[in-house]
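Student: Take a look at the following structure, please.
The values are calculated or read from the model by the stated rules, or taken from the named source; none is laboratory data. Keep in mind that this is a model prediction, so the values were computed, not measured. Virtual Cβ from ideal backbone geometry, glycine too; neighbours counted across all protein chains shown. Note: accessible area is taken over every heavy atom of the protein model, side chains too, but ligands, DNA and RNA are not part of it. Shrake-Rupley method; radii C 1.70, N 1.55, O 1.52, S 1.80 Å.
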Amino acid sequence: MSTKRLYDRFTTEQPPIEVEKPFNVSVPDLPVRIKGRMDAVYGHPKGIEIRDYKTSIVRDDKKAKERAGDSQQLTVYALAWQLMHDEMPASLALDFIETGHIGTVRRMPASLETLKKNLAKMVHSMETGDYPLGNKHDYCMHPPID
């Protein structure tokens, strides 16, 4: 997307109600705080949309939506918003500013519960020192794995 087209887009669409919205929240029943910033928060008649801007190239709306659906970052934003405001965001979006494609998704409460369970597993792993091996070992400093 050209700089002019991006400028035109951002000067004609409704502006966000929050930009670089910070969050720093405790996850209930876990010794975990999540901290970060949401790129933009939009107010819509149907509720709040949290949008994250990406500069990577996505060439169609289907791929943009797929990337948004797979985004753990958007799930973390949904959890943070829910903890701060006691409501789920109406939608979450990845906005691929280079191509103008926007992938929009919703997260259901079950998605947040899954995230909390995964955080609890991570806490347990840290407390017990049990770190399962990952799939990539390109930068590991341990002996070769059989």
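Student: Among what's in the stretch 37-47 and is at negative phi and out of contact with any strand residue (DSSP E or B) (no Cβ under 6 Å at 6 or more places or on another chain), pick the residue that is surrounded by the most Cβ atoms within 10 Å (Cβ to Cβ). Spell out how you get there, then give the answer.
Tutor: Start the filter on the stretch 37-47 by keeping residues that are at negative phi, which leaves 37-46.
If we keep only those that are out of contact with any strand residue (DSSP E or B) (no Cβ under 6 Å at 6 or more places or on another chain) as well, we get 43-46.
Working: Gly43: 14, His44: 11, Pro45: 5, Lys46: 8.
Among them, the one singled out is Gly43.
Student: Pairs, please: C-beta under 6 Å, at least 6 apart or cross-chain, first residue free of Cβ contacts under 8 Å to residues at least 12 places away in the same chain and in the stretch 60-76, second of a type in the set (Phe, Trp, Tyr) and assigned to a helix (DSSP H, G or I)?
Tutor: Matching pairs, first to second residue: none at all.
Student: Could you tell me whether Ile50 is open to solvent by less than 50 Å² (accessible area, probe 1.4 Å) and touching a residue at least 60 places away in the same chain (Cβ under 8 Å)?
Tutor: Spelling it out, it is not the case that Ile50 is open to solvent by less than 50 Å² (accessible area, probe 1.4 Å) and touching a residue at least 60 places away in the same chain (Cβ under 8 Å).
Student: Name the residue, out of Ala110, Ala120, Ala93, Ala80, that is at negative phi and touching a helix residue (DSSP H, G or I) at 6+ places or on another chain (Cβ under 9 Å).
Tutor: Ala93
Student: Then there is this: Mind listing just one residue for me: the one in the stretch 53-77 that is more than 20 Å from Val41 (Cβ to Cβ) and aliphatic (A, V, I, L, M) and, of those, most open to solvent (accessible area, probe 1.4 Å)?
Tutor: Selected residue: Ile57.
Student: Would you confirm whether or not the stretch 4-17 contains a residue that is open to solvent by less than 30 Å² (accessible area, probe 1.4 Å), touching a strand residue (DSSP E or B) at 6+ places or on another chain (Cβ under 9 Å) and closer than 20 Å to Val105 by Cβ?
Tutor: no
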